[in-house]
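One structure below.
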Amino acid sequence: MADTTAASTKPVHTIVLDAGPILKNTPPLSTLLAQCDEIITTPSVVGEIRDPDARARVETLYLPFLKQRSPTPKSFNIISEFARKTGDRSVLSRTDIEVLALAYEIECEKNEGDWRLRSVPGQKRINGKPPVKEESEEAKPEETKPEDAEVEAITEGVKETTVADAQEEAPKEEETAPANEADEVAEVAVAVADEEEKDEDQDADDAADSDDGEWITPSNYKKRLAEDESGTATLTAAPKTMQVATMTTDFACQNVLLQMNLNLLSTTTLQKIQHLRTFIKRCHACFLTTKEMNKQFCPRCGKDTLTRVSCTTTANGAFTMHLKKNMQWNKRGNVYSVPKPIAGSANGKWKGGGGQRGWGTELVLAEDQKEYVRANEEEERRQRRERDLMDEDYLPGILTGERNRAGGRTKVGAGRNVNSKKR
């Protein structure tokens with residue numbers, strides 16, 4: 001009993017930490033200890049922290065309070081398969097899956113099974129009912145037996161006392177009166193109970209009829225949507241004291257946690273996250289979606305038709321893409337003449353091909369072109385260079401024109417203004 005009372009005083013019993021909150025030290029360790037009873041992570045998370053300052057902070061502050069535990073292979077396989085179905089498996093590392101598997105494993109231990117989780121993404125309801133409710137339902141007939149015994153004892157006592165008094169003072173005709181009164185009391189109690197049950201059934205039927213009879217119109221759409229969200233949230237809402245919660249800054253991990261209905265905490269407000277907004281890329285030609293935001297060509301059709309789309313994931317596991325209404329694909333700059341290729345030198349000092357003034361020499365039209373691979377390598381080398389902001393010769397990108405590089409991405413195609421010189 002001491003453990004349960006101590007656990008009930010804090011919002012969360014166990015918090016599973018990823019590397020992100022530890023590296024950023026957000027929230028601080030004192031805040032975590034005030035919000036939970038136990039902090040746990042995997043040995044791989046501690047092993048991948050290599051920054052000297054973060055490593056020293058972990059060894060001096062976190063390790064005395066941080067417990068380390070590895071998940072079982074069964075939990076790892078369950079999370080890996082679930083992430084594959086959500087589409088996040090390709091962007092999750094082994095350490096990320098171990099953190100999710102540890103949260104899943106502790107959740108099953110604390111709540112005696114995965115009854116409050118989902119086995120498949122998009123599942124409308126949770127896996128089952130809590131085992132505590134089943135025990136309470138079985139105990140209900142046993143709990144009502146003492147009450148029935150008390151009622152019977154009272155009625156028997158009334159009968160005995162009235163019969164004894166009737167034998168001493170009243171004639172035999174009055175002996176039946178107390179018994180009849182007790183029977184009437186019992187009959188009234190039964191009638192009241194039946195009437196209450198009928199009222200409850202009638203209220204449930206009325207509620208069902210009102211839900212079925214009301215049509216969804218543009219005027220009441222938002223109201224009905226709020227009612228549905230609030231109704232479904234109450235079914236899967238966490239108790240006042242959460243047994244297990246995970247804290248991570250990785251969007252793919254957050255998506256898997258929400259779709260499985262595992263508790264997810266915010267690193268800033270320490271509140272349970274009910275709504276997650278992320279971005280994916282969607283091909284306008286073949287409608288393929290990918291979560292690799294550095295992609296420029298569609299993995300299926302190979303065209304440069306990937307668009308950035310906002311998407312949301314609710315606590316109920318519903319994944320929704322928010323597409324632009326009446327979107328028109330801009331075809332400007334798609335029709336132009338490609339110059340004929342001409343051989344150049346092998347060392348690349350003289351580049352052949354191209355049109356007037358060497359136009360089209362480095363024209364990129366596909367992902368497997370050597371020009372595209374070379375341009376990506378040069379961009380990676382450029383980003384690795386350290387710039388000294390205190391250098392007098394340093395100029396920002398707004399003056400040098402480097403901001404026109406489309407956020408560090410390689411230029412694909414000839415551009416929208418390819419035909420402007422012909423006019």
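Quick rundown of the values:
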item: Exceeding the 29 Å Cα-Cα cut-off - candidates K303/K325; K85/K324; K129/K281; K222/K325; result: K129/K281
item: Extension gain, R382 back to T312 (0.36 nm per residue minus Cα-Cα distance, nm); result: 21.8 nm
item: Cα convex hull volume per residue for the range 255-303 (Å³); result: 97 Å³
item: Extension reserve of the N417-L288 stretch, reckoned as 0.36 nm per residue once the Cα distance is removed; result: 43.6 nm
item: Amide H within-cut-off set for G317, under 5 Å, with H built and near neighbours excluded; result: none
item: Length released on extending from R84 to R374, taking residue separation times 0.36 nm less the Cα-Cα span; result: 101.2 nm
item: Local electrostatic count at S119 - Lys and Arg +1, Asp and Glu -1, tallied over other residues with Cβ under 13 Å; result: +3
item: Calculated FRET value between Q271 and Y336, using beta carbons and R₀ = 60 Å, to 0.05; result: 0.65
item: Most to least packed among 270-283, 47-60 [average Cβ atoms within 10 Å]; result: 270-283, 47-60
item: Separation of the C301 and N127 label points, Cα + 7 Å toward Cβ, nm; result: 4.0 nm
item: Check: the range 1-132 dipole with +1 on Lys, Arg Cβ and -1 on Asp, Glu Cβ, in debye; result: 480 debye
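Rule-based calculations on the coordinates, nothing more; no lab input. The structure presented is a predicted model; accordingly, all values stated were derived computationally and were not measured. Cβ atoms come from the backbone with ideal geometry, glycine included; neighbour counts cover every protein chain shown.
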